[in-house]
1. Towards the positive end of the charge dipole of the stretch 1-124, with charges on Cβ (+1 Lys, Arg; -1 Asp, Glu), say which of I19, I103, I32 has the farthest Cα.
2. Given a cut-off of 21 Å, what percent of all Cα-Cα pairs of the chain lie beyond it?
3. When the accessible area of the chain is split by element with a 1.4 Å probe, what percent falls to carbon and sulfur?
4. Assuming a strict under-21 Å limit between Cα atoms, what lysine pair count do you get for the chain once near-sequence pairs (fewer than 8 apart, same chain) are dropped?
5. Report, to the nearest 10°, how far helix 42-61 tilts away from the longest principal axis of the Cα atoms in the chain, using its own Cα long axis and a range of 0 to 90°.
6. Let me know the charge dipole size of the chain about its Cα centre in debye, to the nearest 20, where only the beta-carbon of Lys, Arg (+1) and Asp, Glu (-1) is charged.
7. Scan the chain and hand back the longest stretch that contains none of the trypsin sites (Lys or Arg not before Pro) lying in DSSP loops with at most 15 other Cβ atoms within 10 Å.
8. Roll a 1.4 Å probe over the protein chains and send me the accessible area per residue for the chain in Å².
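The values are calculated or read from the model by the stated rules, or taken from the named source; none is laboratory data. Small disclaimer: the values here were computed from a predicted structure and weren't measured. Reconstructed Cβ throughout: ideal geometry from the backbone, glycine too, with neighbour counts over all protein chains shown. Surface accessibility is based on the protein's heavy atoms, side chains included, excluding ligands, DNA and RNA. Shrake-Rupley method; radii C 1.70, N 1.55, O 1.52, S 1.80 Å.
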Amino acid sequence: MIEEVQKTALAQHDILVSILKIFIIHSSRIKIQQRVAAEIPLSDLEHPFILQDLTDAIDLHFREKHSASQYAEILKISAKSLSKLTKTHLNKTLTNLITERIILEAKRDLYLTSKSVKQIANGLGFKDEYHFSRYFRNNTNVSPQIYRNSLRSSQAEARITGQLQSDDNDKENI
């Protein structure tokens, strides 16, 4: 993480967020293991396990299932109870969790692949690219194509800046 903070590279913020999420997940697992070792009653741990199951279900099914009720059905809990748990423990709505995962994957595809917006939309379970574009724009305030173009222009800027710095270093060495 320290290395990433010291760099000024493309998608640095996204990498730092991912590292922090991994850190939080590992910390949560350690904390749960400590509670189990201390023999805390199961009822005290029931909610975090359901939330972990929810996170796993979202990661597994986000391409096909986009509604809170579908995840409640998978976890065999009422949608209202599941929404209340997510709001209480994660301070987010269930719909927000699902949306965040879909948008994260969309951004990843836009950044790392050359797939068309239509292909990305189909891969994420949207009926058409227009619905996906509207969904993406409503959640990021920018269209998928503009997002992709801004990343590409940032990359080009970074390459040019890197070349200029390299040229400056070469001149200093002469």
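1. The residue sitting farthest along the positive end of the dipole is I103.
2. Across the chain, Cα pairs with separations above 21 Å total 62 percent.
3. About 54 percent, which is the carbon plus sulfur part of the accessible surface.
4. Lysine pairs meeting both conditions in the chain amount to 25.
5. It works out to around 50 degrees.
6. Value, rounded to 20: 700 debye.
7. Values: sites that count: K7, R63, K76, K92, K115, K127.
Result for the longest clean stretch: 8-62.
8. Accessible area per residue, the chain: 70 Å².
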